[in-house]
1. Given only helices, namely DSSP H runs of n ≥ 4 each adding -39500 (n - 2.57), what is the per-residue ellipticity at 222 nm of the protein assembly as shown, to the nearest 500 deg cm²/dmol?
2. Could you list the trypsin sites (Lys or Arg not before Pro) in the range A:189-296 that lie in coil according to DSSP, counting only those with at most 16 other Cβ atoms within 10 Å of their Cβ?
3. Mind checking the range B:213-308 for GluC sites (Glu not before Pro) that DSSP puts in a loop (not H, G, I, E or B) and that have at most 14 other Cβ atoms within 10 Å?
4. Explain nothing, just the number: dipole magnitude of the range B:144-243 about its Cα centre with +1 on each Lys and Arg Cβ and -1 on each Asp and Glu Cβ, in debye rounded to the nearest 20.
5. I want to check the label-to-label distance for residue A:285 and residue B:182. Put each point 7 Å from Cα in the C-beta direction and report it in nm to one decimal.
6. Once the piece of chain linking residue B:196 and residue B:132 is laid out straight, how much longer is it, given 0.36 nm per residue of separation minus the C-alpha distance between them?
7. In Å², what does the accessible area per residue of the range B:131-304 work out to with a 1.4 Å probe?
8. Considering only DSSP beta bridges whose two residues both sit in chain A, what percent are antiparallel, to the nearest 5?
2 protein chains.
Amino acid sequence: MSAPLPSEKALVPFVSVENMMRLVHHIGVETMLVELTDVIEADFRRWELFDKTPRVASHSREGVIELMPTSDGEIYSFKYVNGHPKNMGQGLQTVTAFGLLAEVSTGYPVLLTEMTLLTALRTAATSAMAARHLAPKGARTMAIIGNGAQAEFQALAMKAVLGTDHVRLYDIDPLATEKAARNLAGFGLTVTACTTPEAAIEGAQIITTCTADKQYATILTDNMVGGGIHINAIGGDCPGKTELHRDILLRADTFVEYPPQTRIEGEIQQMDADYPVTELWKVVSGEAQGRRDAGQITLFDSVGFATEDFSALRYVREKLKQNRFYQELDIIADPDDPRDLFGMLQRAR
Amino acid sequence: MSAPLPSEKALVPFVSVENMMRLVHHIGVETMLVELTDVIEADFRRWELFDKTPRVASHSREGVIELMPTSDGEIYSFKYVNGHPKNMGQGLQTVTAFGLLAEVSTGYPVLLTEMTLLTALRTAATSAMAARHLAPKGARTMAIIGNGAQAEFQALAMKAVLGTDHVRLYDIDPLATEKAARNLAGFGLTVTACTTPEAAIEGAQIITTCTADKQYATILTDNMVGGGIHINAIGGDCPGKTELHRDILLRADTFVEYPPQTRIEGEIQQMDADYPVTELWKVVSGEAQGRRDAGQITLFDSVGFATEDFSALRYVREKLKQNRFYQELDIIADPDDPRDLFGMLQRAR
């Protein structure tokens, strides 16, 4: 005898990598980046509503595995994400992720999805949201130092949201730069491949650093960075991993997502605990100033925060109402009588 | 053009509720309870190796959603689990769960599985493991107060591991008792349905309390409990939720999983912070004494700990090597060149 079919409540929509790719192409990658930027910003505006906690990290010599939960009181989300810089040498992703949404009122999951792609998209969208408030007005040229898995998403988000039309690429490995330049062809961007970081940042109003080494590194030194620049520092995102020389931080005005997390994981782990930062949600909601003047150096010390995943997951859930880019997973045991879990097991015999 | 097939590394075995039921029946529920008891005990013996952290809980008025991570340095696990006592009124499970194993060295998930059933099994197995060290020798009769989703698993684990052959049931709702008695028919147990808790505990050497109310309750009062008893307290497992009168705790020797968690969530949340407890892993590994004498009251103040899920998940993973009770989920984005996430997306167009 086969098991009775699970009830509707027992089935959780699951978005595979393949379905996520279908969804992205159905919406269009640039449109999706713009829409993600808007939903992330909308949730930053109601920042104070969210349950916020630094991520729960399990560190090992090779990398880190993290759980990032949050909730707005109605919907709960968490993301599982790893960071293993040495994975690349074995042909594996440095960062992989999946995420979940659940109803707070019942605890029942309502969405499970791949988040490797979705994280790249939401990270780029968050960068664009920050740049919208912090980059010099009319910025047209961005530099991307580190041309790995994040690079193209960053380039397209800045183009779609801010209107940048020139991207200058540099990576320690020229093959990575070549790959990014190839992938960005056909999007209407002028792409310049550079052989030094100094060349890459020439004329750029936005400098994005997204390298992957798990170590203190100095991707940008102080004398490389002039005034009137917005730095979008993506890669310094866990303890022991930074990209900027501390002297840059002394000249910059620094904006962060959630200070208790950024002080541990971000570029500002190099600084004293009282190094002044501005919370991005205050800029977004008008409580604090973003860019003050044209000569200022602004720094978004991005580490990634749980609310950004929350926003991205809710966005995907909304989109699935119109499209069937998911399968249903029988992951919740749901007997007719909730107390009769054992009876359900017996009847499946 | 369709997307290229994901590589082997991108596919994560997923055990649905239906496949978990198949696996349980394939192994046999009593055999599985015995084997789970042994793997949980084996991991308790190497307790000090594990990364231990109290669970990460998100509380709301209606219930709680928790993440329970742990690692032995080679394998990482976490469980998502909710506790919503009012769910039953809506025909939903009070507790649902799913869990994941990942390789510490790469951060890649290697197993995703339903854990509503698996949690009921591992909770019962943990109870049996504790009772093996704490219950009076030759215990034949157990009482179960609270005949909900956990009850039958508890009865069968004690039978399979300790050899109890008589179970006495009581629930505030006679229909729950009827359900449990019906489900337990045919397992070679003498089952007695009782109409009061006092009647249920008559002659029992093991008393298991597994009620679901999220409130301070007094399922057992002091005068109900004589000497020579082992109490297995399952239901007092989150802040504000207890089952035993504190006077019982004053007479009992109390054994716990992980004191920092149990002092917040267990029966002993009623007691001062210095109320003496013995860690179960020390009993299992011979560093501390279990039952001392025949007249003693022993109490296992069970709240459930992440290592128990780790053990159960590893057990399931081992079993899947011989059986195909799983499907493969395309949850990890895995481009040929790990830096070429965007290229993978473009090629799927």
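1. -9500 deg cm²/dmol
2. A:292
3. B:287
4. Around 220 debye, computed over the range B:144-243.
5. According to this spin-label approximation, the distance is 5.3 nm.
6. 20.3 nm
7. Solvent-accessible surface per residue comes out at 38 Å².
8. Beta bridges within chain A, antiparallel portion: roughly 50 percent.
The values are calculated or read from the model by the stated rules, or taken from the named source; none is laboratory data. None of these values were measured; they are calculated from a predicted model. Positions of Cβ are backbone-derived with ideal geometry, glycine not excepted, and every protein chain shown enters the neighbour counts. Protein only, heavy atoms only, side chains kept; ligands, DNA and RNA dropped before computing areas. Shrake-Rupley method; radii C 1.70, N 1.55, O 1.52, S 1.80 Å.
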